[in-house]
Each structure stands twice: as structure tokens, then as C-alpha cells.
């Protein structure tokens, strides 16, 4: 008799309906990491947000999620992934409603914390449910590919949705679109799925969990502060060192525990470890690239927010197509072969932009980027979930979610800082950013203003090319790790016999 936990769901086409609802429930969580990219001018104007407050509005979401999601998956394993998902959808919907009408930067930051609290429950529970609903390995590969498509395309879709809404409505509308999706998800999932907790899982240790959460938040905060140029302050140093210490205590306790809350022994499996790397690296590159590319389209190419957002649409479409296809082909060609092909495809897209410039071959570059990143995210997720036993699906999903959120946060910080450093070194005119330079140029007017604006755009374009080169370098390192550490097996991510009769 199989000991694999299953999730009660009607047979036949109904499970694909549930998959579609789960994907739609997960989509706003990924979109919200980037949906405010184009709203920065509106937030500055309407709320009077300072530069520091803007950074916190942007960064508090992935920073909080990275810490809280660490424990969310194991809690779902213990109390039931369906209930965790429903709770997350409820919190996410409420926080979205409050965020849309936040009257001040401080309250908007608080609402973003609420969004992260709901999101940290949605991400691991949605993936764990997909892992349990689809017991056939081939169907599971396609289903995880769909989930991966949402993960890879959602962040890039954020500026598109933000651009469309900001063209016609106020900045708060980017949050209101979450409400109907949360309501639909709650209605269908509560009706179609049964909750199946596993009370025999590891006992909850509040102090240990708190050490892990605070430690991870402190460490990520320190890394982001260093990337923003604030690494010398005592608070940042204390946060980084304290975070490392608390994470060390947490890891030591989990490693020695007979039944750990978060099984770190999963990292002993190289496919799991490389899956985590392949989840964090490409999303770091993609989110950081989109952040800089959106600025390039608006400041250098003088596109409107809507026009800039529409440029990313081919990337989203290609990613949505590539992820399920990668899940389908994975049992035939293996993680290493498809992984290297996916990363090479993404690298070709960045290389096309680097060689031809953003004005030429942009459509082809966006398609290549979408195909490569969509496939890479799907392969990473499939590798992680296949390497973990089904009863630890929530814990494995939490680890991937941490990797995803750290990648998102560091992508914003590192690539945003890189473009700032290169811009400052290459441009000595007014303003420390391209936005400030163009504002100064408009105020100056005449030929002198035109010359200042042209110099600023040229400096930012040079910085954009440096960012493209950095993106190529990161993906090349991940590809090298895949090639050196993974065997060229065609069926390496098939479900293991210990996962039960249906998935065997």
C-alpha cells in the first residue's frame, strides 16, 4: 500500500480546472513583485514618497516573503495545504483592498507586508497541491510546467498590467485587480478540494521558527543594503551578522532533529540543490533586467508606460508556452540537456539586445528571453519537487519559494545598483539618476538642456549594456554548474518509487 498523501479532487478534467484556478490564484503574488515599477512617479506625486520610502515600498514585499515563506510550507504539510492556500488568499485579498487606498507611504508599506504574509502562504501551498493532485509523472511535468510558467511570466507581466492600468486609472488600481482572482480562487478551491493535514509531522517549535524567519530577513536586508550602497552602517552590519548567527542556529537544530520542521537534508540531493540554484539565478536576472529595461524604454526611448509595458508581452507569451512544453519534454531529454538549452536560449536573447541595441530585434530578443526563462523555471521546479518525497512537498516548495523571493529581491537591488553605479561613473551632469538628469534638462531648456538630456541618455544606455553583460555572466555560471554536476540522464526527474503507486 502506498503511503503517499493524496488530495481529494474529482477525476478527469476537474483536476485541470483546479490547476487553472491554482495558477490564477498564484499569478497576483508574482505580479505584485514588479507591478509598481511604472507607478514610482505616481507614488512620488500622490503620496509624497521619498526615495527611501519608494525603495521600501518596492523591497518590503520580497524581503518579508523571503522570511515568512520559510515556515509556511511545513505548516501546510502539518495542517493541510488547502487550508493554508485559502487563508493566504483571504489575507492577500484584504491587504490588496487596503493597499489600493493607502493614504501615506507608511501605510502602503504596511499593506505590502500584509500582501507578503498572504503570498508566503499561497506560493508553497499552490505548488504542493499541484505536486499531490497530479500523480502521473507525465501529467505532473505538464502541471508543474504551468505553475512554472506563472512563476516566470508573472514578474514580467507586472509592468504590462501596471502600464495598462496607470494609463487610465490611479496607482491603487494595480492592487484592486487582485480581489476578483482571490474571490474566485477561494470559491472554487474550497468546493473542489478536501483538506488533508498530516498531524504526525514534526512538532512546531515557535522559537526555532522565529530564529529562522528573523535570521533570513536580517541576512537578506543586509545584502540588499550593501547592494544599495548602505553596507557600512551599524544597523546593516548588525542585521547581517545577527541574521547569519540565527540562521546557523536554525540550520543546526533542523539538521540534528530526528523529524525536522524544514528538512535541510534535501540539499544532499544534487538535483534538488541545482534545482534551487536554477530557480534563484534566472529569476534574479529576469527581474533585475525588467527593472532596468523598463527605465530604458521610458527614459532613453521615450515610450509611454503603456507602450513600455507592451514591449514585454512577447516575453510573457513565450514563457507561458515554454514552461508546460519543458515539463512535457523533461522525462525524454533530462534536466541537464533541457536546462542547458533553456539557458542558452535566454543568453541568446540578452546577446541579441547587447549586439543590436534595444531598438533593433527587440521582438526576437523578448521571445528568446521568454522561452529560455520560462523553460528554466519549469525545469527548476520539476527538479525540486521530484527530488523531495511527497509528504515533504510543502517544505520543498518553501525552500524554492525562499530561493525565488531572494532572487527577486536581489535582482532589484543588484541590477538597480549596478545601473546606478555605471550611470554615475559615466555621467557627470546634473542629477544622480537618469530621471533627475532629464528633469534638470527640462528645467534648463534650450540647446544646453538638450545636450544634458542626450548625455544622460547615452550614459544610461551604456549602463544598460553593462547590465546585459552581467545577465549573460550569471546565466553562463548556472549553465556551467548544470553541465559539471548533473549527469546526462533522460529520465532523471521521474518520480521515485517511494512516492507511491500512482507516481511510481
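Taken together, the values in this text are just the output of simple stated rules run on the coordinates, not laboratory data. Keep in mind the model is a prediction, meaning the values are calculated, not measured. Here the Cβ is made from the backbone with ideal geometry for all residues, glycine too, and neighbour counts use every protein chain on show.
Each peptide among 270-282, 112-124, 301-313 gets the average number of other Cβ atoms lying within 10 Å of its residues, and from highest to lowest they stand as 112-124, 270-282, 301-313.
Starting from 0.36 nm per residue, how many nanometres of slack lie between residue 138 and residue 363 once their C-alpha separation is accounted for? Gain on extension, residue 138 to residue 363, equals 77.8 nm. Distance between the modelled labels on residue 16 and residue 480, one decimal in nanometres: 4.3 nm (7 Å Cα→Cβ projection).
Hydrodynamic analysis of the stretch 59-122 uses the Kirkwood radius over alpha carbon pairs. Inserted into Stokes-Einstein at 4 °C and 1.567 mPa s, it gives a translational diffusion coefficient of 110 µm²/s. Distance between the modelled labels on residue 167 and residue 265, one decimal in nanometres: 5.5 nm (7 Å Cα→Cβ projection).
Pairwise Cα distances in the stretch 244-360 exceed 17 Å for 70 percent of all pairs. Sketch the reach of a paramagnetic label on residue 444 as a point 7 Å from Cα along Cα-to-Cβ, and name the residues of the stretch 295-310 whose backbone nitrogen lies under 19 Å away. Those under the cut-off are 299-302.
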